[in-house]
């Protein structure tokens, strides 16, 4: 007998005693049962991001059949991601600096999809906590970037409203830099990437490899990444490597030693 049935039975027995042997009202019993069920349903709502969602994420990571992967994501994972992002946007009021609510939400959900493979259930991490942090950090970075761009932007629709300094800045940026300067900039990035690959061949631990891979990814996609400041870069590295801040700090010390040694060797070679 369930708890609901026991409660309903106890109520019926109490009513029978009060009525001194008279038959209980069947309609009252039915109404009492329905009230109990309604109360139970209200106090025990089904979570939108629960253990079933985490199980689906783990299955998605190991599933090799595309059709089943699509089903897992569309039916079991994406609804939870969408609700998670909706709650974060509404609670923290992230929409102010963005064009539309749907655009911001869809971009964030797509970002979560791209980070599914980084979640490691073997560490004992809760999937909701992990993706909640990832989504919130992404929204913060995007909003800060939008705010900074808004401060730096001026309207060209009304040139008469521009200050002398703003006009000067615009004129300076109307000309492209010399071709030699553009080539040097590209060569500098390419040289840095080559250096990073050289360092990668010398690292020994998995954490060091994850760290150097994250740095290489950032440099190889430097034109597509909004690098706001040092904190933003470190956040990208944490998300790409899957390492904790403490692990990243420890590993970076080893990477720096490789980098300094490479610079010393280069000077000696000259």
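Taken together, the values in this text are just the output of simple stated rules run on the coordinates, not laboratory data. A quick note: this is a predicted structure, and the numbers were derived from the prediction, not measured.
Of note:
- At full extension, residue 259 and residue 126 could sit 44.3 nm farther apart than now, given 0.36 nm per residue minus the alpha carbon distance.
- Available extension along the chain between residue 218 and residue 100 is 39.7 nm, counting 0.36 nm per residue and deducting the alpha carbon span.
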